[in-house]
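Trainee: Before I ask anything, here is the structure I am working with.
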Ligand SMILES: Cc1ncc(COP(=O)(O)O)c(C=O)c1O
């Protein structure tokens, strides 16, 4: 049965399928640096907590999260940012992707007078998809200096209609650095215009400066909780992408509203996962281990970019490198195809918006020996030179 209604576009990463197959045919097999799914071990404390989740975890869980989990999340916010969040102002989510995809819909139901979602022009594709699914206009905000939002570029009409502004620092795919000043400016700008801010801070544990030194990242809640929601995930911080758990915290009315709707809809993080997530938020040691892994891979990969004919043009944070070709004539898809021939799959930049078309994103999710293999194979300096004028068979 056909219809004239919404037709989902091809899923962004499915656009890489042909090149994924090509990369798989290379000697040594594929090194897949296309998707930001962590491949490092889940911390032992998490596995233990999951295994030990007793009969208490077998009943229907609370949609907003049980008291221990909400307290653990609030405790982590306090340790990380010095921000005091009442555990009652925390709502757990089944991974943050589903929240990103559903929040515009929920907010539009609450305030039908506004219909526009503002989001970074080069960003995680689900911001735009969530707007569409919520029946809203998705309006990209250009990025300026340091890949931060250039809010001065938003038109008066879009401002008047804006329901929600997404901010994402450290940024995917750009690697923009999280800092209090740009976040505070975004919050002040939005608050003055009656726009809710949702700050997706899922890469905040991986925040480096230009010298590669770790600097504690910021939360938008430091600019005050009024009209602000901070969104956090265990997928990156604790390698728990497959467990599906994150939370949002902030403005009391908004959090209560989202928690209430999600309770009606039965959006529940399973009980045993809540137990595992509680252990993860209560521990920081495993995050230091993971941060050291990404820092080492970042240093290594950046040192090899020139060999591969690539130039780093992203920010210093997250576990992505946002790069372009040293050859201005080679766009993101051409780079992606070239690297796939050598067995490495990266993500063409236009998966993150038209403004990303000149770039590719390299996700540093494979161990160092696999990155070495990848860069050795893609090295343009080691590649045999093609004789000019001769025939190639
Ligand atoms: C910016 C950003 N937000 C949210 C997510 C979703 O993470 P999860 O649903 O695993 O919490 C991702 C995952 O890649 C992301 O890059």
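Trainee: Determine whether the stretch 313-324 contains at least one residue that is out of contact with any strand residue (DSSP E or B) (no Cβ under 7 Å at 6 or more places or on another chain), outside any loop (DSSP other than H, G, I, E, B) and surrounded by 23 or more Cβ atoms within 10 Å (Cβ to Cβ).
Mentor: From the stretch 313-324, those out of contact with any strand residue (DSSP E or B) (no Cβ under 7 Å at 6 or more places or on another chain) are 315, 318; that's our starting set.
Subsequent filtering for residues that are outside any loop (DSSP other than H, G, I, E, B) retains none.
No, there is no match, as no residue in the stretch 313-324 is out of contact with any strand residue (DSSP E or B) (no Cβ under 7 Å at 6 or more places or on another chain), outside any loop (DSSP other than H, G, I, E, B) and surrounded by 23 or more Cβ atoms within 10 Å (Cβ to Cβ).
Trainee: If I filter the stretch 104-113 for residues that are modelled with pLDDT of 95 or more and within 19 Å of the chain's Cα centre (by Cα), do I get at least one hit?
Mentor: Going residue by residue through the stretch 104-113, those that are modelled with pLDDT of 95 or more are 104-113.
Now drop any that are not within 19 Å of the chain's Cα centre (by Cα), which leaves 104.
Checked against the condition, which is being modelled with pLDDT of 95 or more and within 19 Å of the chain's Cα centre (by Cα), the stretch 104-113 yields at least one hit.
Trainee: Right, next: Residue 78 fails exactly one of the following numbered conditions: (1) crowded, with 16+ Cβ neighbours inside 10 Å; (2) away from the ligand (no atom under 16 Å from the Cβ). What is the number of that condition?
Mentor: (1)
Trainee: Here's something else I'd like to know. Go through the stretch 181-208 and give me each residue that's closer than 20 Å to residue 92 by Cβ and over 18 Å from the mean Cα position of the chain (by Cα).
Mentor: Scanning the stretch 181-208 gives a single hit, 196.
Trainee: Which members of the stretch 9-31 meet the condition of being touching a strand residue (DSSP E or B) at 6+ places or on another chain (Cβ under 9 Å), in a helix (DSSP H, G or I) and over 29 Å from residue 131 (Cβ atoms)?
Mentor: First pass over the stretch 9-31, keeping only residues touching a strand residue (DSSP E or B) at 6+ places or on another chain (Cβ under 9 Å): 12-13, 15-16, 19-20, 22-24, 26, 30-31.
Within this subset, residues satisfying the condition of being in a helix (DSSP H, G or I) are 12-13, 15-16, 19-20, 22-24.
22, 23, 24 - these are the residues of the stretch 9-31 that are touching a strand residue (DSSP E or B) at 6+ places or on another chain (Cβ under 9 Å), in a helix (DSSP H, G or I) and over 29 Å from residue 131 (Cβ atoms).
Trainee: For the stretch 246-262, how many residues are closer than 22 Å to residue 77 by Cβ and out of contact with any strand residue (DSSP E or B) (no Cβ under 7 Å at 6 or more places or on another chain)? Show your work before the answer.
Mentor: From the stretch 246-262, those closer than 22 Å to residue 77 by Cβ are 246-260, 262; that's our starting set.
Those still in the list that are out of contact with any strand residue (DSSP E or B) (no Cβ under 7 Å at 6 or more places or on another chain) too: 252-253, 256-257, 260.
Matching residues across the stretch 246-262 total 5.
Trainee: Restricting to the stretch 209-234, give me the number of residues that are under 17 Å from residue 90 (Cβ atoms) and either within 16 Å of the ligand (Cβ to nearest atom) or modelled with pLDDT under 95 (or both).
Mentor: Number satisfying all stated conditions: 8.
Trainee: Quick check on the stretch 96-133: of everything there that is surrounded by fewer than 22 Cβ atoms within 10 Å (Cβ to Cβ) and part of a loop (DSSP other than H, G, I, E, B), which residue is nearest to the ligand (Cβ to nearest atom)?
Mentor: Checking each candidate, the answer is 125.
Trainee: If you don't mind, another one. Within the bounds of the stretch 137-153, is there any residue that is part of a helix (DSSP H, G or I), under 20 Å from residue 355 (Cα atoms) and within 16 Å of the ligand (Cβ to nearest atom)?
Mentor: Narrowing the stretch 137-153 to residues part of a helix (DSSP H, G or I): 145-147, 151-153.
Imposing the further condition that a residue be under 20 Å from residue 355 (Cα atoms) reduces the set to 145-147, 151-153.
Next cut, within 16 Å of the ligand (Cβ to nearest atom) only: 147.
Checked against the condition, which is being part of a helix (DSSP H, G or I), under 20 Å from residue 355 (Cα atoms) and within 16 Å of the ligand (Cβ to nearest atom), the stretch 137-153 yields at least one hit.
The values are calculated or read from the model by the stated rules, or taken from the named source; none is laboratory data. Source: prediction; values computed, not measured. Note that we place each Cβ from the backbone using ideal geometry, even for glycine, and neighbour counts take in every protein chain shown.
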